[in-house]
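Undergrad: My questions all concern the structure below.
The values are calculated or read from the model by the stated rules, or taken from the named source; none is laboratory data. Since the model is a prediction, treat every value here as computed from it, not as a measurement. No Cβ is skipped: glycine too gets one built from the backbone with ideal geometry, and neighbour counts run over all protein chains shown.
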Amino acid sequence: MKKKQLKDDNYKLSNIDQVKVNEILDKYPSNRKASAVIPLLHYVQKKSDGWLPVPELERVAEILDMPYMKVYEVASFYTMFNLKPVGQKLLQLCHTTPCWLRGSDQIEKSIFDTLKIKNGETTHDNMFTLMKVECLGACVNAPILQINDDYYEDLDYKTTKELLNKIKTKKTIKPGSVIGRKSSEPYEENGNKNVTK
Ligand code: FES
């Protein structure tokens, strides 16, 4: 069967580092190159403004000697791969039960009030995209907002607004718990102090 031609000749492929690609491939047996599909997609997405256009998926397929459709199946299954452009700051808001019980609706409202974007939307200046996602695996410090690669924890309406305004004004933000909780230690609701002796 003739191979389907998908290539877009006008697209300029992102600059990937062959040494880094080889490092990824070297972790898997040479006759099992397809095993590297997820780490390679992560790497290429990082180099490609945070999303994976068709030519980038084709390139991954070529490197791994896989059919394009198999690469597409992986990229379209996992929510961490973006098949549409995203803003410079990708806000992934967890809305699974523990985060929801701890106020993820208020975080969503704070994001809307501050940036005027809803789920799946990007701000006009292309700075922020909001995506609601399922459990980010940090329920113990719920509610959680992931901004690019970092987690921001124990958020509420006010602290989310402050966080976003800091990003907008190019101030430094510190990942982790915004109430100063160490790791996942317990804390007192009134006073926000760690209670571990
Ligand atoms: S439910 Fe939000 S991190 Fe698990």
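Undergrad: If you check I107 against the conditions, is it touching a Pro at 6+ places or on another chain (Cβ under 6 Å) and within 25 Å of T169 (Cα to Cα)?
TA: Details: touching a Pro at 6+ places or on another chain (Cβ under 6 Å): yes; within 25 Å of T169 (Cα to Cα): yes.
Yes.
Undergrad: Given (1) in contact with a Leu (Cβ under 7 Å, 6 or more places away or on another chain); (2) farther than 19 Å from F112 by Cβ, where does K182 come up short, assuming only one miss?
TA: All conditions pass for K182, except number (1).
Undergrad: So which residues in region 113-129 are touching a Lys or Arg at 6+ places or on another chain (Cβ under 7 Å) and either closer than 10 Å to L90 by Cα or within 9 Å of the ligand (Cβ to nearest atom) (or both)?
TA: Result: M127, F128.
Undergrad: Before we move on, is Y157 in contact with a strand residue (DSSP E or B) (Cβ under 6 Å, 6 or more places away or on another chain) and either aromatic (F, W, Y) or farther than 22 Å from K174 by Cα (or both)? Reasoning before the result, please.
TA: Working: in contact with a strand residue (DSSP E or B) (Cβ under 6 Å, 6 or more places away or on another chain): no; either aromatic (F, W, Y) or farther than 22 Å from K174 by Cα (or both): yes.
The answer is no for Y157.
Undergrad: Considering region 95-109 alone, what residues qualify as being in contact (Cβ under 8 Å) with a residue 12 or more places away in the chain, within 16 Å of the ligand (Cβ to nearest atom) and either under 26 Å from D49 (Cβ atoms) or among the charged types (D, E, K, R) (or both)?
TA: Those that are in contact (Cβ under 8 Å) with a residue 12 or more places away in the chain, within 16 Å of the ligand (Cβ to nearest atom) and either under 26 Å from D49 (Cβ atoms) or among the charged types (D, E, K, R) (or both): H95, R102, I107, E108.
Undergrad: Of everything in region 7-24, what is outside any loop (DSSP other than H, G, I, E, B) and either under 17 Å from P67 (Cα atoms) or without any contact (Cβ under 8 Å) to a residue 12 or more places away in the chain (or both)? Give them in sequence order. Walk me through how you get there before you give the answer.
TA: Step one: filter region 7-24 for residues outside any loop (DSSP other than H, G, I, E, B), giving 18-24.
Matches in region 7-24: Q18, V19, N22, E23.
Undergrad: So which residues in region 71-93 are among the charged types (D, E, K, R) and farther than 27 Å from S110 by Cβ, if there are any at all? So that I can check it myself, show each step before the final result.
TA: From region 71-93, those among the charged types (D, E, K, R) are 73, 84, 89; that's our starting set.
Within region 71-93, E73 is the sole residue that qualifies.
Undergrad: Now for a separate question. Restricting the search to region 133-148, which residues are within 13 Å of the chain's Cα centre (by Cα), within 6 Å of the ligand (Cβ to nearest atom) and crowded, with 17+ Cβ neighbours inside 10 Å?
TA: Across region 133-148, the qualifying residues are L136, I144.
Undergrad: Given the condition under 16 Å from V133 (Cβ atoms) and either surrounded by 19 or more Cβ atoms within 10 Å (Cβ to Cβ) or not assigned by TED's automatic domain parsing to the domain that holds I147 (or both), answer yes or no: does some residue in region 51-65 qualify? Even if it seems obvious, please write down each step before you answer.
TA: The first filter runs over region 51-65 and keeps only residues under 16 Å from V133 (Cβ atoms), leaving 51.
Those still in the list that are either surrounded by 19 or more Cβ atoms within 10 Å (Cβ to Cβ) or not assigned by TED's automatic domain parsing to the domain that holds I147 (or both) too: 51.
Within region 51-65 (the criterion being under 16 Å from V133 (Cβ atoms) and either surrounded by 19 or more Cβ atoms within 10 Å (Cβ to Cβ) or not assigned by TED's automatic domain parsing to the domain that holds I147 (or both)), the answer is yes, since at least one residue qualifies.
Undergrad: Would you pick out the residues in region 112-132 that are exposed (fewer than 14 other Cβ atoms within 10 Å of the Cβ) and within 16 Å of N82 (Cβ to Cβ)? Explain how you work it out, then say what you get.
TA: Initially, region 112-132 is screened for residues exposed (fewer than 14 other Cβ atoms within 10 Å of the Cβ), giving 113, 116, 118, 120, 124-126.
Within region 112-132, G120, N126 qualify.
Undergrad: What is the residue count in region 22-42 for residues that are closer than 21 Å to Q88 by Cα and in contact with an Asp or Glu (Cβ under 9 Å, 6 or more places away or on another chain)?
TA: Going through region 22-42 one residue at a time, the tally reaches 1.
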